[in-house]
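Okay, structure first, notes after.
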Amino acid sequence: VLRRYRQAFKLNVKARSSKDDLVLAASRHFTSHMVDEVDTIARFLYTVHSNKGTSETPIANVDSAASRHQS
């Protein structure tokens with residue numbers, strides 16, 4: 001999972017890094033993003049409500065999330 005996270009978000013860590021290095025890089029990356037909690041909850045509730053009649057709950061694609069967070 002950590003290696004996929006590294007690839008998806010293009011973290012500046014070597015491909016053969018240790019688990020500890022990957023954890024450190026992923027946690028730094030994760031904590032560096034500011035999240036508007038109210039907006040996130042509102043979008044989540046809207047998505048759940050608008051997909052009430054479907055059999056599957058949509059889950060964001062990691063690749064699309066990575067492209068949105070790159071700066």
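A short reminder: the numbers here are calculations on the coordinates, not readings from a lab. Everything numeric here is computed off the predicted structure, so don't read it as measured data. Backbone-built Cβ (ideal geometry, glycine too); neighbour counts: all protein chains shown.
Numbers at a glance
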read-out	value
N12-V35 FRET efficiency (beta carbon distance; Förster radius 25 Å; 0.05 resolution)	0.70
Packing-based order for 5-11, 22-28, using average beta carbon neighbours within 10 Å, highest first	5-11, 22-28
